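Visitor: Sharing a structure here in structure tokens format.
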Amino acid sequence: MKKIGLLLIAMLFTTNLMAKNANLFNYDRGKVEKALITANVLDKYVSTHAVTAAELDVNNNPILANFKDESSMPAASSNQALGIPGFIWGLVLGWVGILIVYLVTEDQEETKQALYGCIVNAVLWVGCYFLLLAGTATAAAAG
């Protein structure tokens, strides 16, 4: 049982190490530059024609047709802190994650999701504790 507890702890630490190697911040520089050039074209069009955002018709304007294609990048949900769901904040950071979600988003649903993540985190830690306790008790009884 002690081996299972040690294996569980090792899995938790290796999972944490693997999560740090994620390529979240890689981007294609060419696509970003192309999107910025298209945004500059849109800015020049708006300033020269004196139109508002409501008056812009991206679908029927040949100058702005390119802008519609480039704006297809997925945007982070406005009710998530830094684009990360509240459940993940609560799961990884516990009560600190709940506090961050509450202060940043001020959204009741996201805060509730962070609370659920925190509860799952607590249940996992208590489960690991009892597994280690059972392994220690078994090892002590065996000899």
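Read-outs: derived from the displayed coordinates by stated rules, not from any lab. Remember, it's a predicted structure, so these values are computed and weren't measured experimentally. For neighbour counting, all protein chains shown are included, and Cβ atoms are generated from backbone atoms with ideal geometry for every residue, glycine included.
Visitor: To the nearest 0.05, how large is the calculated FRET efficiency for Trp125 and Tyr27 if R₀ is 41 Å and r is the Cβ-Cβ distance?
Guide: About 0.70, to the nearest 0.05.
Visitor: HN-Hα J couplings of the range 35-47 from phi, Karplus 6.51/-1.76/1.60, θ = phi - 60°, integer Hz, Gly and Pro as x?
Guide: 5, 5, 5, 5, 5, 5, 4, 4, 4, 5, 4, 5, 6
Visitor: Something else about it: Among 112-122, 1-11, how do they line up from the highest to the lowest mean number of other beta-carbon atoms within 10 Å?
Guide: 112-122, 1-11
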